[in-house]
Structures are given as C-alpha cells and as structure tokens.
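Only one structure is covered here, and it is reproduced in the block below.
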Amino acid sequence: MEIQVVRKLLNQVTAINRTQEKLNLLGGAEFNVFKILGLQTNEVRTHSAFIGELLNPRGCHGLKSRFLELFLETLRIENFHAELASVQVEKYAGPIDDNYLEGGRIDIHLKGQHGQFIFIENKIYAGDQRNQLARYYNYEPRAHLIYLTLDGNLPSDWSLGQLAPEQYNVCSYRVEISQWLEKCYKEAAAYPTVRETIGQYLNLISSLVGNVPDNFMKEEVKRLLLHDRANIESAAYLAEMLQEVKAETVALLNSELYEKWDRAFRGDLCPLEKYTITFSKQDNYFGFTASKGEMREICRDKALAPFVALVKEVHPKFKNNGWWLGWKNFIKATAFESLPLETLFIMANSEEERARLIEEIISEAKPHYTAFKKLVSAYKRREKS
C-alpha cells in the first residue's frame, strides 16, 4: 500500500468533511438539546425515559398508540394489543434474592390490554448484571424479552443464566431503533414539536453509533470510493489502522485510570478480621466490594450488614448484591471503547487531556470513598465505647 495513495484519499475526504461542516452550521444540525444538557449516555434519564414516553399510548406526544404500533411493526412483534397498553420505566420487580433469580428493576416494562408483556433491557455503556435477563423471564415467563444495545451485541452468560437463544431477542440502536424513530419522525409530521424532538434524538443516536446521516458527505465519499479501486483499498487499510489506534488508545486510558485509581483508593476499609472491603471500579460503575480470603459473594453475611447500611448512608442509589456492598453507575462514561472517535483522537495525542478525563472520573468517585471512610471510623468508635 503506497502512502501517497492513502494520503491523497485522506486529503479528499477531509475537504468533503469541511464542506459538510459548513452545511451543518448553516442548517443548525449541531444544536442538540440532549448533548447540551450532557444527557447523551444516561440510560435511565435519557434513553429509557424518552423511548418509554414514545411507546406510551398515554404519553404527552399526543399520538396515542401510533408510536407503539410502529415499534411492534419494526421489531415484528405480533399479538400485542397496543391501544390500551401501559408502560413503566424502571419497573420494580421486587428485591433480588440470594440466588439472583428474582427481583431487580426492568428498564422498560410494557403490558398489553389483554395481558401480553414486553420487557426491554436497555444497555448503552453499562455492563450486564448477574442473571438480569433470567430474572426478567422469571418475573413473567410470557414476556417478549428484548436485549437492546448500541450495536446489537449479544447478552453475556452472566446475564442470561439458563435462558436459551429462542427465549429473548437482540436489537440495536444502530438498526431497529433508528428505523423505528425514522418512522415516528414521519408520523409526527403534523406535530412539529414532537417531530423535531424525535429528530434531535435521532441525531444523538447517530452520533453514538457512528451512523453517517444521509447527506452531502455520505454521497460524496461513496462517489469517491466507487471512482477508483485504489481508494477502496486505501479505505480498507485505513479502517484496519483506525481500529488498531482505537484499541491502543483505549488500553492506554484504562492503564492510566487503574494506576491512578489504585493510588487514590488503596487499602482495606473493613475493621473486621478476615474480611476485606475495597473501593473498586468495573466497566461503567464503581462502589464497595467485600471478600473473605479467596471467597466472594459474601455481602449477605450478617457480619457485613452494618457496612451495607453505611454504604446506603453514603448515597441511597447504591445497589447491593452478593459481592458488592454497594455499586452505582458513573455519571461520566468510563467505557472508553465507546468514546467518539474525535475524543479518542484527542486522548491519544494529549497526556494532559487524558489526565483531565481521569481526574474527572476520580473526582466523581472520591466523595463517596471519603464519606464511607468517615462513617467506618465513627462505627469503630461506637463499637469500642
């Protein structure tokens, strides 16, 4: 592969991109209320809430069950009566039991007027929870289970439990949700506020999944590739190199984050003998983990009950399970592989920007760590007196 051919293609695409940026600026395409408010990746407050509202026949959009009908059509779900359906976001299914086979919360819960159910597990960047889809199934075996991610990734065995592939469906924001939203946008033609809000949300989804809008740049780049076989070969080579650069940058960010995390939150927080409590990060969430020697899954031991209570005192949104005394999602996205390419480029080339991002993550977690340490100290004083 000659470097001159690759450089020529890059220069041509760069010129097209600059033209597209000018067109976007003139048309106001960069103005997006979800991005302005910093809600791009919030699963509950943004994505589940917005999708749930559109699916709700009693929603404030005013189109009754039409959006839900389009959703059923897009996902090819039959025999679900939409007209009087009810929708709940973060539906409480009861406390999680010791075996993680019951309880938890269902991200989007739909119930048809004749007792049909659709449960949606909505994943943007958060990792799977133990037996999460299995608990959905156990709560209502008749429910149509949907595992929704940005790119249609399969659920892990950690979430599935014993569920077979035919007991759930996988869909993505990139394909099915984008197709559904396009239909909703057209359907809302006579409702300008609803239509434009859906348009803004579609724009957000496109930026999250890397979809190129149907615009000048897309058509020009297609023409450029089809015009010259060498351009196609160069594009394939660039795509391969891009993935390598992305993987190297993500690995660098993770390495620097975990190094600084270990320095900031080193040490055992538990005053009890034979137990260890540490402040940990995993995927896009953080919190307090407990272990006993090599054993985990011990957080329901009565000896640790006071510390579960202390974690809740630190912040009521901490959730606990067998290993975690309490965990909660970061507000700042820490799944670095999902960062926009532009952001990854900045991180790859700036040690200062990497340090700034990591410091934001550490700073978000630190008050919880500090508060827990103070509560543990007070607990130790009470126990001695």
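Each reported figure results from applying straightforward, stated rules to the coordinates on display, with no laboratory input. From a predicted model like this one, the values you see are computed outputs, not experimental measurements. Here Cβ is always computed from backbone atoms with ideal geometry, including for glycine, and neighbour counts include all displayed protein chains.
On a full-extension model of 0.36 nm per residue, what is the gain between residue 230 and residue 303, subtracting their alpha-carbon distance, rounded to one decimal in nm? Mind showing how you got there, number by number?
Numbers: separation 73, 0.36 × 73 = 26.28 nm, distance 6.76 nm.
Net length gain for the segment: 19.5 nm.
If you take the beta carbon distance between residue 262 and residue 242 as r and set R0 to 25 Å, what does 1/(1 + (r/R0)^6) give as a FRET efficiency, to the nearest 0.05? It would help to have the intermediate numbers written out before the result.
On the way: r = 31 Å, r/R0 = 1.23.
The formula returns an efficiency of 0.25 here.
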Response to the item:
Cβ density ranking, 10 Å radius, fewest first, applied to 291, 363, 159 yields 363, 291, 159
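If each residue's Cβ is checked for other Cβ atoms within 10 Å, how do 327, 261 rank with the fewest at the top? Mind dumping the intermediate values first?
Working: 327 22, 261 18.
Ordered by Cβ neighbours within 10 Å, fewest first: 261, 327.
Go through region 140-188 and name the trypsin sites (Lys or Arg not before Pro) that are in a DSSP coil and have 13 or fewer other Cβ atoms within 10 Å of their Cβ.
Numbers: sites: 142, 174, 183, 186; in loops: 142.
Counting only loop positions with at most 13 other Cβ atoms within 10 Å, the trypsin sites (Lys or Arg not before Pro) in region 140-188 are 142.
Can you tell me the length gained on complete extension of the stretch residue 343 to residue 315, counting 0.36 nm per residue apart and subtracting the Cα distance?
Working: separation 28, 0.36 × 28 = 10.08 nm, distance 3.07 nm.
Going from the current span to full extension adds 7.0 nm.
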Fill in: Kirkwood hydrodynamic radius over Cα pairs of region 33-209, then Stokes diffusion coefficient at 37 °C and 0.692 mPa s, in µm²/s
199
Worksheet entry | 5 angstrom amide H check on residue 127, placed H, neighbours 5+ away | 284
Worksheet item: Between residue 206 and residue 382, what is the FRET efficiency for a Förster distance of 51 Å, r being their Cβ-Cβ separation, to the nearest 0.05?
Response: 0.40
Practice prompt. Find, among the GluC sites (Glu not before Pro) in region 302-385, those assigned to loop by DSSP (not H, G, I, E, B) with at most 15 other beta-carbon atoms within 10 angstrom.
Written response: none
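Counting other C-beta atoms within 10 Å, which of 283, 128 has the fewest, and how do the rest follow? Could the numbers behind the result be given before it?
On the way: 283 14, 128 18.
Ordered by Cβ neighbours within 10 Å, fewest first: 283, 128.
Based on alpha-carbon atoms only, what is the radius of gyration of region 247-384 relative to the globular estimate 2.2 N^0.38 Å? If you can, show how the numbers build up before the last one.
Working: Rg = 16.5 Å, N = 138, 2.2 N^0.38 = 14.3 Å.
Relative to the 2.2 N^0.38 Å estimate, region 247-384 comes out at 1.15.
If you filter region 44-86 for GluC sites (Glu not before Pro), then keep DSSP loop positions with at most 16 other Cβ within 10 Å, what is left? Don't skip to the answer; put the middle values down first.
On the way: sites: 53, 69, 73, 78, 83; in loops: 78, 83.
Sparse-neighbourhood loop GluC sites (Glu not before Pro): 78, 83.
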Worksheet item: Rg and Dmax of region 50-101 over Cα atoms: what are they, in angstrom?
Response: 14.0, 43
